[in-house]
1. Local charge sum around LYS487 (other residues, Cβ-Cβ under 11 Å, Lys/Arg +1, Asp/Glu -1)?
2. Express in whole angstrom the spacing between the alpha-carbon centres of the stretch 661-697 and the stretch 539-604.
3. Given an 8 Å cut-off on Cα distances and at least 6 residues of separation, report the relative contact order of the chain as a percent.
4. Determine which residues of the stretch 15-47 fall in the zone a paramagnetic label at ASP121 would reach in this model, i.e. backbone nitrogen under 15 Å from the point 7 Å along Cα→Cβ.
5. How high is the FRET efficiency between GLU637 and ASN567 when r is their beta carbon distance and R₀ equals 51 Å, given to the nearest 0.05?
6. Run the simple label-point estimate for LYS662 and ILE686 please: 7 Å along Cα→C-beta, distance reported in nm.
7. Counting only Cα, what are the radius of gyration and maximum Cα-Cα distance Dmax of the stretch 528-653, in Å?
8. About the Cα centre, and with charges only on the beta carbon of Lys, Arg (+1) and Asp, Glu (-1), how big is the dipole of the stretch 240-329? Nearest 20 debye, please.
Amino acid sequence: MIINKEIDLGKGKVISIETGKMAKQADGAVVVRLGDTMVIATVVSSKKTPPPNQDYFPLQVEYREKYSAAGKFPGGFFKRESRPSEKEILSARLIDRALRPLFPDGYLYETQIIVTVISSDQINDADVLGGLAASTAIMVSDIPFHNPMSEVRVGRINGLFVINPDINELVNSDLDICIGGTADTICMLEGEMKEISEAEMLDAIKFGHTAIRKLCALQNEIAAEVAKPNRPFSPTVIPAELTETVRELCETRLKELAYTPLKKEERAEQTALIYREIIEATIEHFKAAFSSEEIAADPSKALCLNQHIIDEQIHAVEKRVMRHMILDDAKRLDGRALDEVRPISIELGIIPRAHGSALFTRGETQALVTITLGTKKDAQSVDTLTSSADKRFYLHYNFPPFSVGECGRLGSIGRREIGHGNLAERSIKMVAPTEEEFPYTIRIVSDILESNGSSSMASVCGGTLALMDGGVPIRKPVSGIAMGLIKEGASYAVLSDILGNEDHLGDMDFKVSGTRDGITACQMDIKIDGLDYHILESALEQARRGRLHILGEMEKAISSTRQELANFAPKLTTIKVPVDCIGMIIGKGGETIRSITEETGAEINIEDDGTVTIACSTSEGTNAALATIKSLTAKPEIGTIYIGKVRDIRDELGAFVEFLPKTDGLVHISEISSTRVTKVSDHLKIGEKVKVKLVDVRKDPRTGKTKFALSIKAVEQDAPKESALENN
């Protein structure tokens, strides 16, 4: 049975959802369309029982863009799509982060969601359509999933909010937020803004949630019509006697540890010791309590001897202890107040050869951030279905295993690193100078050296400081802070600058970055249902205060951008040449421009409008390249003195001298010297450099060629008025 339903979200944003036609062997499959952009989402969940010791949900979310969807060929030699691009990875994360918390507790069956863009009108982005399609595909499957999720993008143009703005509308929008949520709550945010206020952001979220509710209702309608029964699913039931025994053995010790402020490593070591001892004690207790016959007859009793199950019960006690410590006593693991930011230290310019650097340390999180300035040739080429452009501002984030005291394989960059880097990049991008103001390509690299909470926000702060240290004229400094939430019933506490444990054991990870005047980027993940808007409002206000505090600490280290670029940064010099001279600078097959680069060490970039940019780390190289280009594009002017090279000698006539590139003139024998010359070769040699003055320009009536008359004698007579351009 094919089901197709449409919904109009206003201003021509009509979305259709179809199921029952494509990919019928998947557990669920849906096609979602907006304009001529179409995505197909499929979901398959294994029916194989998970291993008894498995403690995670193996959910895999993939998002792929087919170039054929836009009638384009993939780049590269093999002409087929290969590993996912950064855009595809970020889109997959949007879907994963919103869906993962909505699966039922205890559902640990391997599940794979694949979202494929099969048509692109190159106007409407498919990322939020992918989230809607993925959720609907699960809803029409037999997977026990009863709370549909929808995603929308919100923009604001001329003060009016717009749902799912296309790429042309986003150009004029002062915000771009992707929102994922259920009918009851928001569970995911990701976006960038042009310094909007907290109140404006809250209004945007509420506006987007209205559309999300409509899309969730439509999913429920489709699921009811498909009416596929859910597969049997029974989560493991933990015996009450195990839960109570573990609580009695470890609650007091875990509470004492929680109320003792410790460094991350010390807390981890003492926590691990408690876990080991409690597991051993629990197993010994139940070995004495149950006979082998009782265990064989009652499978639930075997759970009491399972190390993995016992570990989970200890973790549940640890989580409950920490949460009640915060809710009941307003006390945190490191002894801070709920809205207190950890101590901050900043060092600038510590990497001598970098073009700007900063070491930003906040508590036990530390980021070493450097910037590199380059030319247009260093821009990152980005080719997606909706755009093919060069990025001249980008940030790369690295999270090595030693930053958390672990061993690990150094391989390709993971999804988390790409996501954190993108968030930091979007945070700072809003204050970066335009190409006209600062014609450099800017690369920021954040290497996380220590991590105990919010290394992405440390990258924002460190990136801003490195830019200011390097003399990049950003409009305003940007800082960022990660907020947490503990919520039990009607009681809740919002935490500023969360630790790793507070993120892991808490209900929210809400990162907010911005200037003193407003928010520039945000990212939020919620692990619970029912986030009230007044809680979100409180979190935004508390984040604003924390952000301003961090900005104050940053301003103590450096109050404004340095006036000079770093010594090793390339210096850019821009000149304008006539368009018809571009070919002369480039030369046949690029021969001339290559020779200038080799001789001067300068990198040269030429725009179609004749703008020439010279990049060199030394003033000598810049001046040499500039002089060469000026000489290549100079027009012969009567009365100007040049330094030319003798190309040919005619003893009875004179010498031909190249006084401008590929431009020769004749020095008549009578113009070589004020004394009589009988043989030119007695005075000049081929290859010799001589000063000549252009005394006459005329066209040959027979050939139509322009001829130039030069004089060495006139230079000697007019020495005080020399203005020579050396022809290299």
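None of the figures in this text is laboratory data; all of them are computed from the coordinates on show. Just so you know, these numbers come straight off a predicted model, no measurement behind them. Using ideal geometry, Cβ is built from the backbone for each residue, glycine included, and neighbour counts are taken over all protein chains shown.
1. Neighbour charge sum, excluding LYS487 itself: -2.
2. After rounding, the separation between the Cα centres reads 45 Å.
3. For the chain, the relative contact order is 9 percent.
4. Counting backbone N atoms under 15 Å from the label point, the list is 15-17, 32-39.
5. The value I calculate is 0.85.
6. It is 2.2 nm.
7. 27.3, 101
8. Dipole size: approximately 340 debye.
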